[in-house]
Amino acid sequence: METLALLQPLALSLAIGLMIGLQRGWQARDAPAGHRVAGFRTFALLGLAGGLAALLPATFGAILMAATAATLVVGYLRESTATDHSATGTVAGLLTLALGGFAAMGHRIEALAGAAILVLLLAMRTRLHRFLRGISAAEMEAATRFAIVALVILPLMPDRTMGPLDAWNPRQLWMVVVLVLGLNFAGYVLARRVGPTRGLIATAAAGALVSSTAVTAGYARRLRSPSPADSALIAGIAVASAIMYARVLLLTAILVPFALGPLALAALPAGLVAAALAWAAVRRTAPMPADGDLKLGNPLEFGPALGLAAFVALLAIGSRWALQRFGDAGVGALLLLTGFADVDAAVITLAGLPAGTLSPSRAGLLLALPVVANMVLKAGLALALAGGRNGLRAAAPLVASVLAAGAGMAFLALR
């Protein structure tokens with residue numbers, strides 16, 4: 001039994017080395033013999049060495065680890081050339097050594113998970129390099145700024161209520177900035193990746209991650225002048241509105257999870273109607289190249305995000321005052337008016353109310369109000385900006401989803 005207890009961790013360490021070595025050996029399968037720092041067998045030995053070092057007395061284990069790591073580094077220095085300085089294989093070898101020791105120390109699940117992630121990253125080499133080549137300087141700068149906003153500033157924000165009526169929580173308000181910037185950045189990147197080459201509909205879908213209202217207004221203006229792209233523009237408006245329902249449900253699941261079920265009773269049927277009509281519109285549309293008229297703007301524009309945070313801060317005061325003065329009816333009226341400007345702001349405002357203020361059913365019903373208001377606004381934009389038959393065709397899916405949402409809200413109110 002004692003022998004088995006020693007062999008099991010060594011076998012796991014060997015298995016980890018074999019798993020990583022299989023990928024490294026396949027990656028370097030075309031390299032001439034003797035021109036690799038480490039191959040399939042070497043990685044297996046590295047995993048075994050790590051496991052053995054963990055089981056040996058501390059001094060001997062440290063010597064074995066240090067000697068093995070030094071051998072890897074020397075091998076890298078000898079094989080690197082003026083044109084090839086890749087240290088990936090050497091770093092992978094050092095990690096294999098460490099993971100082998102980690103597994104032998106009793107952290108089996110963690111070591112296997114680490115090895116699986118390492119193999120995945122190594123296997124994605126070509127795809128990751130292609131992805132990096134597609135990143136623009138503006139996107140790289142935006143990603144760095146977003147990391148500072150989300151990972152540095154957010155944790156430093158105080159997590160307590162303050163201000164008039166104790167309506168402001170600095171961390172929650174800054175989370176608004178993080179969410180808006182994240183959505184804008186994701187929409188911008190997606191639009192660049194699939195934009196002009198995938199057509200107007202793909203651009204509308206990407207744009208809806210930023211603002212479905214902006215997509216509706218932009219496409220409706222172009223529908224005023226008849227063109228071969230009319231059917232694609234109408235389908236794009238329908239797709240953007242369907243995505244808006246999904247975005248609202250996702251935001252609610254993150255910020256107001258207790259209201260998600262009731263809201264889904266009203267919003268999900270409307271979203272399904274919108275999605276079905278959008279799918280029908282897409283099926284009737286021939287592939288069209290996008291002409292790039294719809295601009296998604298800066299990949300990380302702080303102005304709108306900070307503006308929305310300020311808007312939410314004012315709404316937080318207004319919602320608490322309305323709740324104290326008029327009860328649920330006051331909050332509902334405020335959220336309804338908010339929906340004409342921004343549905344996300346309505347969801348964030350409700351999330352800022354004190355816990356237990358509203359029942360899940362009431363919260364879901366109140367959140368459905370700005371969703372319907374926003375869809376009514378977009379239907380009006382389609383009719384007013386496109387006009388004529390095209391305006392009716394563009395507004396029809398939006399009106400149908402509003403009717404479905406109204407039926408869902410009626411059911412929710414009568415439950």
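Some points to look at:
- One residue stands out in segment 197-226 among those that are hydroxyl-bearing (S, T, Y) and at pLDDT 75 or above: the one that is farthest from V371 (Cα to Cα), namely S225.
- Pairing each residue of segment 246-258 that is under 15 Å from A363 (Cα atoms) with any residue that is part of a helix (DSSP H, G or I) and among the small types (G, A, S), provided the two are 6+ apart or on different chains, yields C-beta distances under 7 Å for V248/A267; L249/A264; L249/A267; T252/A259; L255/A351; V256/A351; V256/A363; F258/A363.
- Boolean, A404 is modelled with pLDDT under 85 and either outside the structural domain of A276 (by TED's automatic domain parsing) or under 24 Å from L260 (Cα atoms) (or both): no
- Residue count for segment 359-389 under the criterion of being in contact (Cβ under 8 Å) with a residue 24 or more places away in the chain and either closer than 22 Å to R247 by Cβ or surrounded by 23 or more Cβ atoms within 10 Å (Cβ to Cβ) (or both): the result is 20.
- Filtered residues of segment 151-169 (kept if surrounded by 17 or more Cβ atoms within 10 Å (Cβ to Cβ) and more than 19 Å from V347 (Cβ to Cβ)): none
- When segment 61-83 is limited to residues that are surrounded by fewer than 16 Cβ atoms within 10 Å (Cβ to Cβ) and modelled with pLDDT of 85 or more, the one that is farthest from A11 (Cα to Cα) turns out to be A70.
- When R29 is tested against (1) under 21 Å from A123 (Cβ atoms); (2) modelled with pLDDT of 80 or more, just one condition goes unmet, and that condition is (2).
- Given (1) at pLDDT 75 or above; (2) in a loop (DSSP other than H, G, I, E, B), number of the condition S86 does not satisfy: (1)
- Whether a residue is assigned by TED's automatic domain parsing to the domain that holds A92, modelled with pLDDT of 85 or more and either under 17 Å from G93 (Cβ atoms) or outside any helix (DSSP H, G or I) (or both) was assessed, and G34 does not pass this test.
- Of all the residues in segment 348-357, those that are in contact (Cβ under 8 Å) with a residue 40 or more places away in the chain and assigned to a loop (DSSP other than H, G, I, E, B) number 1.
- Residues within segment 227-246 that are at pLDDT below 85 and surrounded by fewer than 17 Cβ atoms within 10 Å (Cβ to Cβ), tallied: 2
The values are calculated or read from the model by the stated rules, or taken from the named source; none is laboratory data. Worth saying up front: this structure is predicted, and the values here are computed from it rather than measured. Note that each Cβ is placed from the backbone with ideal geometry, even for glycine, and that neighbours are counted across all protein chains shown.
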